[in-house]
Amino acid sequence: MQVIVFASSKGGVGKTTSALSLASVLTHHGARTTLIDADPNAPLALWSSRFPDGVPHNLTVKTAFRTDVADVIDAASDPYVIVDLEGSRNDEVSVAIGRADLVLIPMKGNQLDADEAVNVIKVVRKQETIFRRKIPFRVFLSQTSPVIMDKGMRDICDQMRENSIPMLQNAIVERSAFKAPFRLGGTIYELTGREANNPEAAIANAETFAQEIRDILIGASMQSEVLHV
Ligand SMILES: Nc1ncnc2c1ncn2[C@@H]1O[C@H](COP(=O)(O)OP(=O)(O)OP(=O)(O)O)[C@@H](O)[C@H]1O
Ligand SMILES: [Mg+2]
């Protein structure tokens, strides 16, 4: 089982949208996935209860509030478990990070978000000390323009590199297709061109994003096997 945790200390950076997109790709390609909604606002639980017919057959949506998130993670048995956290700093965030095989930290590409990403990385480091294990993490750009990367954003990426903060190569760009499932139910895979602009581009984006994450998880589990020989 691989536990992927979306975390940010700031709200509205794209955790829930990216978490659903990732779950959509994994289940579309046949991987059983549990999606844990650990946000008291329950956006994913609402999505699944409003549109039950649109939930992929191999996706299980669970809710977890406050510190029971560890129990909900431990009770899951699917190959992939994705946790969507509330955008704040609380015990639950630390607990979920403590269980993670990969922590994904979205940022919109401005200085404020970059500073907030560093706060989440501090929590990762603290949990690494407590659990005496490496917790892989990546920062990624969310809601960026599909066409241009402005100078401010390039500077922030340079700043991340200079501080040896690992970033995903793939961003989740801003597209109406990523938002549409919350309004219409289902996933990006069922959208028509009338419901959202260019759903194929969103699918291609989500698939390369998911592929990069799978590669990181495979790399990390191979590394830990080597360490345990
Ligand atoms: N890739 C995207 N393309 C278009 N809109 C997006 C994208 N990602 C997020 N949004 C929009 O930005 C807003 C915030 O996104 P989202 O709810 O995913 O963020 P969050 O980090 O989960 O927020 P919170 O911390 O409040 O839970 C929403 O209105 C969502 O529709
Ligand atoms: Mg959210």
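Filter segment 1-54 down to the residues that are of a type in the set (Asp, Glu) and under 23 Å from Asn119 (Cβ atoms), then identify the one that is nearest to the chain's Cα centre (by Cα). Break it down stepwise before answering.
Here is the first cut: in segment 1-54, the ones of a type in the set (Asp, Glu) are 37, 39, 53.
Still in the list and also under 23 Å from Asn119 (Cβ atoms): 37, 39.
Details: Asp37: 12, Asp39: 13 Å.
By that ranking, first place goes to Asp37.
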* To do: Kindly list the number of the only condition in (1) surrounded by fewer than 23 Cβ atoms within 10 Å (Cβ to Cβ); (2) more than 16 Å from ligand 1 (Cβ to nearest atom); (3) not small (Gly, Ala, Ser) that fails for Tyr80.
  => (1)
* Just name the residue that is surrounded by the most Cβ atoms within 10 Å (Cβ to Cβ) out of those in segment 156-180 that are within 16 Å of ligand 2 (Cβ to nearest atom) and in a helix (DSSP H, G or I). => Phe178
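Sort out for me the strands (runs of 3 or more DSSP E) sitting completely within segment 69-155 that have 1 or more residues that are in contact with a Gly (Cβ under 6 Å, 6 or more places away or on another chain) and within 16 Å of ligand 2 (Cβ to nearest atom). Don't jump to the end; show me each part of the working.
Values: elements: 80-85, 102-107, 137-144.
Result: 102-107, 137-144.
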* Is it the case that segment 1-13 has a residue that's buried (at least 16 other Cβ atoms within 10 Å of the Cβ), touching a residue at least 60 places away in the same chain (Cβ under 8 Å), under 19 Å from Leu191 (Cα atoms) and within 11 Å of ligand 2 (Cβ to nearest atom)? -> no
* Can you tell me which residue in segment 35-50 is farthest from ligand 2 (Cβ to nearest atom), limited to those that are modelled with pLDDT of 95 or more and not small (Gly, Ala, Ser)? -> Arg50
* Asked: Condition test on Ala31, is it away from ligand 1 (no atom under 13 Å from the Cβ) and modelled with pLDDT under 95?
  -> no
* Inside segment 184-204, can you point out the residues that are touching an Asp or Glu at 6+ places or on another chain (Cβ under 9 Å) and exposed (fewer than 14 other Cβ atoms within 10 Å of the Cβ)? -> Gly193
* Arg194 is checked against (1) within 22 Å of Pro43 (Cβ to Cβ); (2) in a loop (DSSP other than H, G, I, E, B) and fails just one. What number does that condition carry? -> (1)
* Looking at segment 180-229, which of its residues are at pLDDT 95 or above and among the basic types (Lys, Arg)? -> Arg183, Arg214
* **Hits in segment 105-122 - residues which are surrounded by 20 or more Cβ atoms within 10 Å (Cβ to Cβ) and either touching a helix residue (DSSP H, G or I) at 6+ places or on another chain (Cβ under 7 Å) or among the hydroxyl-bearing types (Ser, Thr, Tyr) (or both)** => Ile105, Pro106, Met107, Gly109, Ala114
* **Residue satisfying all of: in segment 14-25; within 11 Å of ligand 2 (Cβ to nearest atom) and aliphatic (A, V, I, L, M); farthest from Met107 (Cα to Cα) among these** => Leu20
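The values are calculated or read from the model by the stated rules, or taken from the named source; none is laboratory data. Every value quoted in this text rests on a predicted model; they were computed, and no experiment measured them. Quick reminder, even Gly has a Cβ in these numbers, built from the backbone with ideal geometry, and neighbours come from all protein chains shown.
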